[in-house]
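Please read the structure below before turning to the comments.
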Amino acid sequence: MSILLLHKAVALDPDKVVPPGNASQIPLSHDNPVLIILAAGKGTRFGTEPKCIQPVAGSPLSRHTIDSFHQVSSYPAVCVVGYRQEDVRTALGEDNYYIISDNPVGGTAYAVWESFSLTDLEETDPLLVITMGDRVVPSSIFDRLLAAHCGQKQEPGVTLLTAVYEAPLNTGRGRILRDNVRRESVGRDNVRRESVNQGQVEKIVEQKDIDREQDETLRKTLQNITECNCPLYVVRARKLKQLLGDLSNNNAQNQYYLTDIIEAFSNRGEEIRTVTIAPGEPAYDLLSSDVTRPDDLALLEGILSAAGGKDHILQSPVDTAAARLAEDRSIGQIRSIARQLEELHTAVDTGFQPEQPVSIGVSGGRLRIAFMHPDMERFYGPAWQMPVGAADEQGEEQITVIIQESGDNLLHVHPVNSMYREQLESVPSDQDCHYPSDEIDDIAAYEKFGTRLSENLLLAMGYFSDEELEARRSRKLPLPPSSRWINSNMRRPFTLIANAIASIRTLRRGTIGEKIQLCLGRGNFSGLRAAAAGNIPQGGFSSSSALTVAVKNAVNMLYELHIPNDLLIHLACQAEYGTGVRAGSLDQATEQKGIYGIGTLISSNPRDNYAV
């Protein structure tokens, strides 16, 4: 066996590169990620056709990944091809670069090294996203991986995707070795299963290396690791080339392994970040599907179909959210919401974590009351309502919020408009006043609880209670301006948002109630960060109701609570009782159920379930 360092074993040759026809129109840049897809292998169980172009849901296998990556980067993919390379190029399309490998069985590092025959990669030093040609990677995973890699000031050496595989499904896969695994296994006779994402990544240990481990305790510990490699990597081009060149093929298969770069980064003391997927996540089944036999293709197609079709699962969450936000809205309101989202993106501080999910809630839009029944008692009755929305891009007649778990047991509220901000931007979320007792189970009982919650929040922010004002009057002291009185400010953003969350906690029964207590209950809720745009609250379009409804919808989506519309309206009415409003049900029902430009005869009576 000939042992050589990779840079001495493989010649980089521009003649290996086949450029796409439109390459000159899309210049490579430092900030535009590039996909490298390894598609040189044969796949012996698939007959004469290369595995990477086997048809799945109407497209070649590797083309699915290329298309989903184009949702995060416009630059052509770089495909390393070998076996029947002309057929692969024809099947995958002319919009990619192709690197013609001179040794398709040289190993994954060998193939990636050959991609540097495209000299622009080293010269412009973009982020490289490396994956295999026998898998389907949705754009949501590309988004998560790139966000994790770029989400902090200091860029790591490499970010990789890992997945949880319970035994025996972990057998045969590269295990993620973290330093706590080695520490815990030394000097111990028993075997313990290591939890995922604890400790620094040291290397990826392949199954054959585990089998040859002489230390029985360590071998058993490694065998029981459930966090495994799910080959997808993000790394800077120049840094990668430097490490690749010094890799050796000194292993059982005489190949150059890309997984060896993890240990190389670890030895250099560079940070290694991971994104880990687990069973139950939307992309887990797709990414954990091994395409090794022809019947695996049918299973993969079934996964795509069960998830709503290839377009649904491969679509970026951003595109999905944008489509939902634009649905049934006027162009003026869509432009206004887009402008608000841009304001939220640019104005919110760095407390939002880019690698963590956020949820968006939009509610309101100017309400035109075409007809209201004269016999309505406290707005309980039918009315003819028409939501018309913001007229143009500058309109503020709706509330747009984004929320994210904060993990610090604080409730953070950040209105874009400074006139709605408080002296404090966060308050503790684990105090008793945020958690209604079991006896708080209807609107009447909630009103007293919610009022106390609102008053406690405002007191913490420096507002003056009725008692404090009366004490000042009796002592003939000057009174603070009414803008600092609690009784004049019960509908500030903090009180509205806190009541929107607290009222959801009054649901305790059934599957939904159990899920709510698991996510939002005492001891489980870890805090929330909320940012809001729009006139909050400033009348004219029932803005306090709109903020309450928007927050409830966002919480419902973030925690996947599946609270139905009628119940959400009821909870929104209940929440507003805690801020001194008893007549908001008509507005809330219209905001939740009304459709832009369509007159709706709607009941605000909860006994009618807000019938439309």
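Flag set for residue 469, criterion: out of contact with any Pro (no Cβ under 6 Å at 6 or more places or on another chain), open to solvent by less than 20 Å² (accessible area, probe 1.4 Å), outside any loop (DSSP other than H, G, I, E, B) and without any contact (Cβ under 8 Å) to a residue 24 or more places away in the chain. On the stretch given as the range 594-605, residues that are within 11 Å of residue 570 (Cα to Cα) and touching an Asp or Glu at 6+ places or on another chain (Cβ under 8 Å) total 0.
With the structure loaded, tell me whether residue 554 is open to solvent by less than 10 Å² (accessible area, probe 1.4 Å) and either within 21 Å of residue 334 (Cβ to Cβ) or touching a Cys at 6+ places or on another chain (Cβ under 6 Å) (or both) or whether it fails that test. Taking the combined requirement at face value, the residue satisfies it. For the range 322-342, the candidate set comprises residues that are surrounded by fewer than 16 Cβ atoms within 10 Å (Cβ to Cβ) and under 22 Å from the mean Cα position of the chain (by Cα); within that set, the residue that is nearest to residue 71 (Cα to Cα) is 323.
Considering each residue of the range 492-506 in turn, none proves to be open to solvent by less than 10 Å² (accessible area, probe 1.4 Å), on the phi > 0 side of the Ramachandran plot, in contact with a strand residue (DSSP E or B) (Cβ under 7 Å, 6 or more places away or on another chain) and not β-branched (Val, Ile, Thr). Just one of (1) in a loop (DSSP other than H, G, I, E, B); (2) open to solvent by 50 Å² or more (accessible area, probe 1.4 Å) fails for residue 483. It is (1). Being over 24 Å from residue 238 (Cβ atoms), among the β-branched types (Val, Ile, Thr) and crowded, with 20+ Cβ neighbours inside 10 Å: is that true of residue 3 here? Taking the combined requirement at face value, the residue does not satisfy it.
Only residues that are within 28 Å of the chain's Cα centre (by Cα), farther than 14 Å from residue 121 by Cα and not aliphatic (A, V, I, L, M) were counted in the range 224-260, giving 8.
Per-residue answers, yes or no, for (1) in a helix (DSSP H, G or I); (2) over 27 Å from the mean Cα position of the chain (by Cα); (3) modelled with pLDDT of 90 or more; (4) farther than 26 Å from residue 319 by Cβ:
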site	(1), (2), (3), (4)
8	yes, yes, yes, yes
11	no, yes, no, yes
15	yes, yes, yes, yes
35	no, no, yes, no
45	yes, yes, no, yes
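Could you tell me whether any residue of the range 515-536 is within 27 Å of residue 611 (Cα to Cα), open to solvent by 50 Å² or more (accessible area, probe 1.4 Å) and not in a helix (DSSP H, G or I)? Checked against the condition, which is being within 27 Å of residue 611 (Cα to Cα), open to solvent by 50 Å² or more (accessible area, probe 1.4 Å) and not in a helix (DSSP H, G or I), the range 515-536 yields no hits at all. Filtering the range 558-572 to residues that are open to solvent by 10 Å² or more (accessible area, probe 1.4 Å) and more than 13 Å from residue 513 (Cα to Cα) leaves 558, 565, 566, 570. Evaluation of residue 225 against the conditions (1) at pLDDT below 50; (2) under 19 Å from residue 161 (Cα atoms) shows that the sole unmet condition is (1). Say we look at the range 586-612 and pick out the residues that are assigned to a helix (DSSP H, G or I) and open to solvent by less than 10 Å² (accessible area, probe 1.4 Å); which of these is modelled with the lowest pLDDT? Looking at residues that are assigned to a helix (DSSP H, G or I) and open to solvent by less than 10 Å² (accessible area, probe 1.4 Å), I get 586.
Here's the yes/no breakdown for (1) farther than 25 Å from residue 304 by Cβ; (2) among the basic types (Lys, Arg); (3) within 32 Å of the chain's Cα centre (by Cα):
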residue	(1), (2), (3)
27	yes, no, yes
53	no, no, yes
62	no, no, yes
105	yes, no, no
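Surrounded by fewer than 18 Cβ atoms within 10 Å (Cβ to Cβ) and either touching a Cys at 6+ places or on another chain (Cβ under 9 Å) or assigned to a helix (DSSP H, G or I) (or both): does that describe residue 511? Walk me through it before giving the result.
Working: surrounded by fewer than 18 Cβ atoms within 10 Å (Cβ to Cβ): yes; either touching a Cys at 6+ places or on another chain (Cβ under 9 Å) or assigned to a helix (DSSP H, G or I) (or both): yes.
Taking the combined requirement at face value, the residue satisfies it.
The values are calculated or read from the model by the stated rules, or taken from the named source; none is laboratory data. None of these values were measured; they are calculated from a predicted model. Quick reminder, even Gly has a Cβ in these numbers, built from the backbone with ideal geometry, and neighbours come from all protein chains shown. Heavy atoms of the whole protein, side chains included, go into the accessibility calculation; ligands, DNA and RNA do not. Shrake-Rupley method; radii C 1.70, N 1.55, O 1.52, S 1.80 Å.
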